[in-house]
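After the structure tokens below, expect a handful of questions from me.
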Amino acid sequence: MKVLVIGGGGREHALVWRLGQSRGVEKIWCVPGNGGIAAEAECLAADVGDVRALTALGERLGPDLTVVGPELPLVNGIGDAFRRRGWPIVAPSEQAARLEGSKIFAKEFLLRHEIPTAGMIGTFESASKACDALRAATWPLVIKADGLCAGKGVFLAPDAASAKDFIERALDKNELGPGGQRILLEETLEGDELSFILVTDGERYAPLVPTRDHKRVFDGNLGPNTGGMGAYSSDELLPPKPRAKILESIVEPTMLGLAADGIPYQGFLYIGLMLTRSGPKVLEFNCRLGDPETQAIVARMDFDLAEVLADAAAGKLDAAKLRWKPGASVCIVLASGGYPGKFETGKKIEGLANAEKIRGAKVFHAGTKRDRDSIVTSGGRVLGVTAAAASLESALAAGYEAVGKIHFEGMHYRKDIARHVNRVHAAGD
Ligand code: AMP
């Protein structure tokens with residue numbers, strides 16, 4: 001099997017690494033890849049948002065399977081373009097990707113199918129009408145830009161003044177770009193968050209192990225939001241009872257809703273959940289795997305990933321094939337100095353080989369590139385140091401021991417991955 005992976009971050013490195021262990025895989029290309037992926041796959045340059053360019057590449061390479069990491073090619077319709085040509089691909093349709101591409105589309109879907117989610121106050125295109133609606137609001141309140149806004153589209157407003165400011169910046173001053181020209185106001189949910197990701201062939205689905213990510217830059221969940229500073233997965237993260245509740249009250253009605261609405265969905269569906277006192281509720285859908293959740297998930301896989309994904313692309317997914325290593329995994333993101341604000345690149349990374357000597361550890365590259373014989377930083381999130389072990393304690397010990405071997409100027413990371421969380425509420429109660 002020849003496999004094409006689209007994307008160039010830590011998530012794609014993790015996919016490439018696991019796909020490379022599949023028995024039937026003889027070749028992997030990655031577009032555009034990065035400094036770490038280059039050691040495990042042939043990296044090719046292309047704009048991942050440009051579906052025509054990716055189709056031309058597909059024509060030239062003739063992959064037996066294509067796996068898509070980031071949302072942009074999905075929202076731009078790569079799934080439809082490849083399937084129309086009969087090329088197997090793990091990617092939801094353009095229509096299905098609207099579950100991620102439009103928060104309003106997703107909220108209407110959730111409400112239509114009575115899937116538990118934060119109550120909606122309204123959707124608005126006019127700042128004055130949105131501000132009028134604030135009078136009846138209770139605080140804090142969540143404001144979401146409808147479209148993709150590079151992670152800046154969600155605001156937890158503590159009071160009316162800050163809400164008004166965000167609304168005006170989005171709708172009047174157009175500061176969030178085209179994704180911010182419509183907004184959604186919704187109630188704030190309280191609880192612990194959980195990422196519940198599944199793979200589906202359009203009819204059948206198979207859940208992946210649950211994960212939790214850490215979005216804030218500093219320990220104790222302080223500082224600004226990032227793309228994700230780490231993630232973990234463990235058997236204890238989601239006990240059987242709340243897991244059953246999630247399947248019954250969220251996953252099943254979502255799958256039935258997609259079918260009832262005639263939305264074909266072949267690929268990964270990421271369900272961001274808040275485990276509230278009154279049960280699990282949907283915060284968001286993503287039409288792809290999360291990053292860094294993927295790194296933690298891939299570390300626990302004990303099955304042939306290429307085979308399962310080829311089955312999903314062919315519409316014959318067999319959930320029984322997904323087997324998981326018991327225990328836990330962690331991913332600790334090492335970031336450039338200054339990230340998520342301004343940062344410098346081109347810093348030489350040392351200690352990578354020593355880090356991978358730690359039992360159970362694997363270093364996934366995100367923002368790196370090769371510079372002659374060295375690997376240097378090329379982005380904000382640089383590496384995802386990942387470890388799997390029989391318990392969360394030993395996965396954390398291996399992960400942080402591996403982190404201790406790595407150095408680059410300005411490097412920073414969270415020291416409390418899997419620590420700064422409350423225990424899961426009994427979400428099913
Ligand atoms: P989203 O992109 O919709 O998942 O929002 C990003 C983050 O904002 C989530 O991971 C939550 O931490 C937070 N968030 C979004 N919606 C809500 C909500 N209704 N209540 C509380 N927090 C929320």
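Every number here is computed from the coordinates shown, using simple stated rules; none is lab data. Note that the structure is a prediction, hence the values are computed from the model and not measured. Cβ coordinates were reconstructed from backbone atoms using ideal geometry, including for glycine residues, and neighbour counts include every protein chain displayed.
Return the FRET efficiency for the residue pair Asp132, Glu190: r is the Cβ-Cβ distance, R0 is 35 Å, and the value is rounded to the nearest 0.05.
Once the sixth-power term is evaluated, E becomes 0.85.
I'd like the FRET efficiency for Lys215 and Gln181, computed as 1/(1 + (r/R0)^6) with the beta carbon distance as r and R0 of 30 Å, rounded to 0.05.
Efficiency, from the Cβ-Cβ distance: 0.75.
According to the Kirkwood expression over distinct Cα-Cα pairs, how big is the hydrodynamic radius of the range 38-92, in Å?
Taking the inverse mean of 1/r over all distinct Cα pairs, the range 38-92 comes out at 11.5 Å.
I've got another one for you. What's the FRET efficiency of Asp302 with Arg419 using the Cβ-Cβ distance as r and R₀ = 25 Å, to the nearest 0.05?
Plugging the Cβ-Cβ distance into 1/(1 + (r/R0)^6) gives 0.45.
Can you list which of the GluC sites (Glu not before Pro) found in the range 365-410 are DSSP loop residues with at most 16 other C-beta atoms within 10 Å?
Filter output for the range 365-410: Glu409.
How far apart, in nm, are the 7 Å Cα→Cβ label points at Asn174 and Lys342?
Placing both labels 7 Å beyond Cα along the Cβ direction yields 2.6 nm.
So which trypsin sites (Lys or Arg not before Pro) in the range 330-429 end up in coil per DSSP with only 16 or fewer other C-beta atoms within 10 Å?
Lys342, Lys357, Arg359, Arg372, Lys415, Arg419, Arg423
Once the piece of chain linking Arg85 and Ser374 is laid out straight, how much longer is it, given 0.36 nm per residue of separation minus the C-alpha distance between them?
That works out to 100.0 nm of additional length.
For Ala118, list long-range residues whose amide hydrogen, built 1.01 Å from N in the peptide plane, is under 5 Å from its own amide hydrogen.
Val282
Further question on the same structure: Note down the relative contact order for the chain as a percent, whole number, built from C-alpha pairs under 8 angstrom at least six residues apart.
So the answer I get is 18 percent.
How many nm separate the modelled label positions at Gln21 and Asp318, each set 7 Å beyond the Cα in the direction of the Cβ?
Using points 7 Å along Cα→Cβ, the separation is 2.0 nm.
Still on this structure: What is the packing order of peptides 194-205, 315-326, taking the mean over residues of other C-beta atoms within 10 Å and listing the highest first?
Packing order, densest peptide first, comes out as 194-205, 315-326.
Extent of the range 1-66 along each principal axis, from alpha carbon coordinates, in Å, largest to smallest?
30, 23, 15
Give, in whole angstrom and from largest to smallest, the semi-axes √(5λ) of the equivalent ellipsoid of the chain, with λ running over the eigenvalues of the Cα gyration tensor.
Three semi-axes, in Å: 31, 26, 23.
Only loop residues by DSSP count here, and only those with at most 10 other Cβ atoms within 10 Å; note down the GluC sites (Glu not before Pro) in the range 1-94 that meet that.
In loop regions of the range 1-94 (DSSP not H, G, I, E or B), the sparsely surrounded GluC sites (Glu not before Pro) are Glu26.
Tell me whether the range 160-261 comes out rounded, prolate or oblate; compute the Cα gyration tensor, take square roots of the eigenvalues as a ≥ b ≥ c, and use a/c under 1.5 as the rounded threshold.
Here the range 160-261 falls in the oblate category.
How long are the three semi-axes of the equivalent ellipsoid of the range 142-206, in whole Å, if each is the root of 5 times an eigenvalue of the C-alpha gyration tensor, listed from largest down?
Ellipsoid semi-axes (Å, largest first): 29, 17, 8.
Here is a follow-up. Through the Karplus equation 6.51 cos²θ - 1.76 cosθ + 1.60, θ set to phi - 60°, convert the phi angles of the range 332-339 into ³J(HN,Hα) values in whole Hz; use x for Gly and Pro.
Working through the residues one at a time gives 10, 8, 9, 10, 6, x, x, 4 Hz.
Calculate the spin-label point distance for Glu248 paired with Arg112, positioning each point 7 Å from the Cα along the beta-carbon direction, and give it in nanometres.
Here the modelled spin labels are 2.6 nm apart.
Under the rule of -39500 (n - 2.57) per DSSP H run of 4 or more residues, summed and divided by the residues of the chain, what mean residue ellipticity at 222 nm is obtained, to the nearest 500 deg cm²/dmol?
-7000 deg cm²/dmol
Which far-off residues, 5 or more places away or on another chain, put their amide H under 5 Å from the one on Gly33, with H placed in the peptide plane?
Placed amide hydrogens put Gly7, Gly8 under 5 Å from Gly33.
Quick one: among Gln295, Gln95, Gln266, which has the greatest mean-square fluctuation in a GNM of the chain with alpha-carbon springs under 10 angstrom?
Of the options given, Gln95 has the highest mean-square fluctuation.
Which residue fluctuates the most in the chain, going by a Gaussian network model with Cα springs under 10 Å, if the choices are Ser233, Ser391, Ser162?
Ranking Ser233, Ser391, Ser162 by mean-square fluctuation puts Ser162 first.
Also, I was wondering about something else. Debye sum, Cα scatterers, the range 1-118, no solvent: what log₁₀ I/I(0) at q = 0.10, 0.12, 0.20, 0.21 1/Å?
Result of the Debye calculation: -0.33, -0.46, -1.01, -1.08.
Follow-up. If Rh is defined by the Kirkwood formula over all Cα pairs and Rg also comes from Cα, what ratio Rg/Rh do you get for the range 249-396?
Radius of gyration over Kirkwood radius for the range 249-396 works out to 1.03.
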